[in-house]
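Contents: one structure, followed by commentary.
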Amino acid sequence: QGRIFEKMELCSSLAVRRFVFSGWRPGPAPGVRQEEARLGRVPVRLYRPRGRPRSALLLFHGGGWICCGLDSHERICQYIAKESGSLVVSVGYRLAPEHKYPAAYQDCLSATLHFLQHLQHYGVDPARVTVCGDSAGGNLAAAVSQSLAGSSELPRLRAQILIYPGLQALDFNLPSYQQNRGVPLLFRERAVYYSLHYVQGDTSNLEEVLEGSHIPPDMRLKYSKWVSPDNIPEEFKVRGYKPHKPREFKPEVFEKVKRICEPTLCPLFAEDTIIQQLPESFILTCEYDVLRDDGLLYKKRLEDNGVPVTWYHLEDGFHGIVNLFDYHGLSFPSGKRGLDRVVAFIKGL
């Protein structure tokens, strides 16, 4: 619909997408007190459950780094705060393409640092702070968690919760990308569209990135030990997979998107020395999701490096299903099931 409006010169497709995904903001939740605040210069919304919460969850919303915000994820934050008894801090980071990478990452890291440095103000246990995110927010949570790994000056994060995260921009032809290329809510082409808006502020070179022309052969070889169909369990290939040979490398494309290979944008590219220091992790994947294999690859990396992982796979799930929780009566039972698993994990920490 966005492109139709754009052709009619009514507004940009991005404006339409932001409107659609801005979400219907629910009313206050019984037993949860909300307030607007700032962590440094980053706007946040606090969700305080009844009693005195001893644990805290910093939540980075999804939306492909270009849409969604505090309102779109309000129902999820209310639910997690109420059901887990945790203080939930929803982070309103800057969006691309107006604010390209690394703006979103910097805002999420800055907010987390500020929170960890002022824990006494919130009354939470320094040993019980977790970061969480869905989709692009899962990418940001993973990047923040890596950035804080091994820091001796701040409290160590208790855990990271990654809900269908996007974690690499090397290979858009993994089995899950092939199998689910046309499955809503995230098409294969749309995943690259979001990544390019974030890294370069426009979507030129989309076709070249889809086909793999943006990565130099030596870099592809270096990262193939971590981003490879060979690391995907065979049961996830039965719906179909055809090995893909990347098209010829184009240096001019790499020059435009080369920051795409930084670990703070592609957490799967972090060195083992960083991965080994990560906190206990929860990863949720969905079968009908182009990002499924990103989650599976990261699960393997974490486990190979001795990090405890709780993995929950929604066999009937699709990308964004948890976000549809209680949304205009559209709630899917498996989305609620996934969210309840997140809550159970938080309560078990």
Amide H partners (placed H, <5 Å) of LEU314, local residues excluded: THR285, CYS286, GLU287
Top mean-square fluctuation among PHE318, PHE187, PHE60, Gaussian network model of the chain, C-alpha springs under 10 Å? PHE187
From the cross-link list LYS82/LYS300; LYS225/LYS299; LYS222/LYS250; LYS237/LYS300, which pairs have alpha carbons spaced over 23 Å apart? LYS82/LYS300
Among SER22, SER72, SER13, the residue with the largest mean-square fluctuation in a Gaussian network model of the chain built from Cα contacts under 10 Å is SER13
Alpha carbon centre of the stretch 52-92 versus the stretch 194-250: separation in Å? 31
Kindly report, to the nearest 10 Å², the accessible surface of VAL16 as traced by a 1.4 Å probe over protein heavy atoms only. 20
So in the stretch 3-348, what percent of DSSP beta bridges are antiparallel if you round to the nearest 5? 30
Radius, Kirkwood style, for the stretch 120-269 when every pair of distinct Cα atoms is counted (Å): 16.9
Quick check: the angle from helix 292-304's long axis to the longest principal axis of the chain, C-alpha only, nearest 10 degrees? 70
Using θ = phi - 60° and Karplus 6.51 cos²θ - 1.76 cosθ + 1.60, couplings along the stretch 219-225 (whole Hz; Gly, Pro as x): 5, 4, 5, 4, 8, 5, 5
Kirkwood Rh over alpha-carbon pairs of the stretch 86-173 plugged into Stokes-Einstein at 25 °C, 0.890 mPa s gives a D in µm²/s of 178
Ranked packing of 288-296, 51-59, most packed first, by mean Cβ within 10 Å: 288-296, 51-59
In the Gaussian network model of the chain, springs joining C-alpha atoms below 10 Å, which of GLU235, GLU255, GLU211 carries the largest mean-square fluctuation? GLU235
Other-chain or far-sequence residues with amide H under 5 Å of PHE325's (modelled H): none
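The values are calculated or read from the model by the stated rules, or taken from the named source; none is laboratory data. Keep in mind it's a predicted model, so treat the numbers as computed, not measured. No Cβ is skipped: glycine too gets one built from the backbone with ideal geometry, and neighbour counts run over all protein chains shown. With ligands, DNA and RNA removed, areas are computed over all heavy atoms of the protein, side chains included. Shrake-Rupley method; radii C 1.70, N 1.55, O 1.52, S 1.80 Å.
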